[in-house]
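Okay, structure first, notes after.
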Amino acid sequence: MCHERLILLLVAVAVSIPAVMITRHGVHKDALTGFSVISSPRGFVHVGGDVAHPGMYPLTANLVTTSVIKMAVPLGSLKNLAPQAVASQHLENGDDVRLKIGENGQGTVSIDPIPAAEKIIMGIPLNINAMRVADLMLLPGVGPKTAQRIVEYRQNNGGTMTPEELLNVEGIGEKKYKILKTHF
């Protein structure tokens, strides 16, 4: 009888230890989650120019120009930004923010799209209506002739097109379209 109780006790302990460890791990995991970013990134922006930490920064829901510049740490005293409206401008996935600080502390900001090659590497969706022949040639399976046909199709149809309209371009079939549409 004593041996049966001992065996029963050992079995109970053996079964309980993994349950306790899983529970403790779950508590630890939840505790770390409290310190994570509130919203997940919805893309990336690049910051360069007169900043200590140039590079790619995650784009969250309410990221504005001044916030991303502060994260990149301006080199020198920054008193204000020009143009004035740029300070509170909400950034978009694939924006390239450039800061130039003058001797008087005046910061001049320009916001342009990241080049197509960098967008492809980062997995940032491309704007088919803003791409040039050289940009289109960076896409898999698109050579100079196909790129030129895409640009001509766009020009002949009001200057804009949707990615689905690639199927109307000579040299692009279903197979190539399935690959290309992942970039837009």
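The values are calculated or read from the model by the stated rules, or taken from the named source; none is laboratory data. Keep in mind the model is a prediction, meaning the values are calculated, not measured. Note: ideal-geometry Cβ built from the backbone for every residue, glycine included; neighbour counts use all protein chains shown. To get the accessible areas, we keep the full protein, side chains included, count just its heavy atoms, and leave off ligands, DNA and RNA. Shrake-Rupley method; radii C 1.70, N 1.55, O 1.52, S 1.80 Å.
Computed values, structure above
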| quantity | calculated |
| --- | --- |
| Hits in segment 131-157 (condition: open to solvent by 70 Å² or more (accessible area, probe 1.4 Å) and in a loop (DSSP other than H, G, I, E, B)) | Arg132, Met137, Leu138, Asn157 |
| Hits in segment 31-63 - residues which are modelled with pLDDT of 85 or more, more than 15 Å from the chain's Cα centre (by Cα) and either open to solvent by less than 50 Å² (accessible area, probe 1.4 Å) or hydrophobic (A, V, I, L, M, F, W, C) (or both) | Gly48, Gly49, Asp50, Val51, Ala52 |
| Residue tally, condition touching a helix residue (DSSP H, G or I) at 6+ places or on another chain (Cβ under 6 Å), more than 17 Å from Ile114 (Cα to Cα) and β-branched (Val, Ile, Thr), over segment 57-81 | 1 |
| Enumeration of residues in segment 158-184 that are of a type in the set (Ser, Thr, Tyr), closer than 26 Å to Asp112 by Cα and part of a helix (DSSP H, G or I) | Thr182 |
| Condition broken by Met122, with the remaining ones in (1) in contact with a Leu (Cβ under 9 Å, 6 or more places away or on another chain); (2) more than 20 Å from Gly171 (Cβ to Cβ) satisfied | (1) |
| When residues of segment 118-130 are limited to those that are buried (at least 16 other Cβ atoms within 10 Å of the Cβ) and assigned to a loop (DSSP other than H, G, I, E, B), the one modelled with the lowest pLDDT | Ile124 |
| Selection from segment 105-117 of residues that are open to solvent by less than 20 Å² (accessible area, probe 1.4 Å) and in a strand (DSSP E or B) | Gly107, Val109 |
| Which listed residue is open to solvent by 40 Å² or more (accessible area, probe 1.4 Å) and under 25 Å from Phe184 (Cβ atoms), from Gln89, Gln84 | Gln89 |
| Positions within segment 82-118 being in contact with a Gly (Cβ under 8 Å, 6 or more places away or on another chain) and more than 10 Å from Val45 (Cα to Cα), in sequence order | Ala82, Arg98, Leu99, Lys100, Ile101, Gly105, Thr108 |
